[in-house]
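Below you'll find the structure, written out as structure tokens, and then a few comments.
The values are calculated or read from the model by the stated rules, or taken from the named source; none is laboratory data. All values derive from a computational prediction rather than experimental measurement. Glycine gets a Cβ as well: all are built from the backbone with ideal geometry, and neighbour counts include every protein chain shown. Ligands, DNA and RNA are stripped out before the accessible areas are found, and what is left, the full protein with its side chains, is counted by its heavy atoms. Shrake-Rupley method; radii C 1.70, N 1.55, O 1.52, S 1.80 Å.
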Amino acid sequence: MQQYALVATSAGLVVGVVGLVLVGVYRRDLGRSFNGFWSKWISVPMQVLSLLSSAGAAFDRPEAKADWVANVVVGIAAFAVWTTLQILVDYYFKEGERFDFERLEDSQSRNDAYIWLFGSMRKLVDFKLSHIRGELDSSKGKPTVKSIRECLRTGDELDGFLTAVCQFYIGLVSGQSPKPPNFRAVLYVSQGGYMTPIRGSSHNDNLWEPSPSFEANHAAFALTGCQNPALVTVCINRQATIMFGDTLAASDRGEFEFLHADQRSYLRSIIACPLGKVWRPDRKLAQCALVVDTNVPDFFLESDRPFLEFCLREFASRIKLELMLEAMLTSGEGSP
């Protein structure tokens with residue numbers, strides 16, 4: 001009897017150890033492919049059998065210690081293994097549920113962001129359409145060259161697009177942010193060998209201007225010959241979107257350079273995206289880039305690159321159109 005119990009308990013112990021190994025290997029997919037009920041349905045009987053085997057062997061022939069001690073040890077080991085297996089399965093199953101719930105929330109927030117993105121783009125277009133319609137009404141259907149230029153001027157629209165960029169990302173920030181989140185968007189165009197800011201917007205500061213930082217760190221924005229270039233210069237030279245989720249960690253690794261020490265307190269995550277070439281007012285094509293930074297750490301992450309690049313491209317198409325209109329109108333200022 002003791003021999004049969006030892007064989008059965010040993011087999012259960014081996015199966016339990018194999019189960020622990022499999023749980024460790026496939027723990028990420030456990031919650032999606034294995035029901036928590038089945039873990040209890042299998043592990044609880046195995047725990048009971050292990051205890052019965054140990055107790056039965058001990059009370060069957062208590063005087064023959066050499067015969068029953070192995071059963072007790074193996075039974076206790078099997079009980080411990082199957083108990084651990086049940087706990088791990090329950091834990092990873094709950095983790096899988098939590099992960100799926102977080103993904104569902106993230107998907108919902110992104111869907112809301114897409115809706116807001118396209119809605120804001122439409123509002124900006126509607127604003128320009130209403131301006132044009134007003135000019136047509138005031139000119140009684142016979143607009144002059146001057147009135148056409150006034151309707152197509154882009155200053156307000158460019159500022160509106162950059163403000164929309166900041167508001168869009170604000171909508172994606174978790175409510176658990178330790179301090180009021182802020183986003184700043186700056187549009188750069190190459191002029192005289194430097195990436196020069198032409199427009200900028202800060203969500204929390206309507207009077208913020210990017211030019212003082214550019215003037216104080218002028219050398220960092222040079223397209224060539226700079227040892228510690230600004231991120232906008234790097235993205236143009238590489239012609240690739242560059243982002244850092246945690247600028248402090250990237251700086252410690254030597255991958256990112258702050259332009260000045262004060263930036264460490266408010267520039268925690270950043271993305272720079274090249275927009276291609278645009279027309280400048282002097283009728284020359286120039287490189288253009290959009291840079292967005294925030295005081296929210298771990299915001300612009302590599303894992304979100306497709307999503308982030310898609311959003312920036314949507315803004316970029318309209319920004320490039322506005323810059324082209326601005327160049328066309330400015331270059332024709334002196335024309336009859």
Given labels modelled 7 Å from the Cα in the Cβ direction, how far is it in nm from Met328 to Phe127?
2.0 nm
Go ahead and run the numbers for FRET between Ser265 and Thr224, Cβ-Cβ distance against an R0 of 35 Å, rounding to 0.05.
0.70
For region 262-336, what is the accessible area per residue in Å², given a 1.4 Å probe and the full set of protein chains?
46 Å²
Where does the charge balance sit around Leu275 when Lys and Arg score +1, Asp and Glu -1, over other residues with C-beta under 15 Å from its C-beta?
+3
When only C-alpha pairs under 8 Å and at least 6 residues apart count, what is the relative contact order of region 209-336, in percent?
22 percent
Between Lys142 and Asp252, take the C-beta separation as r, use R0 = 56 Å, and let me know the FRET efficiency to the nearest 0.05.
0.30
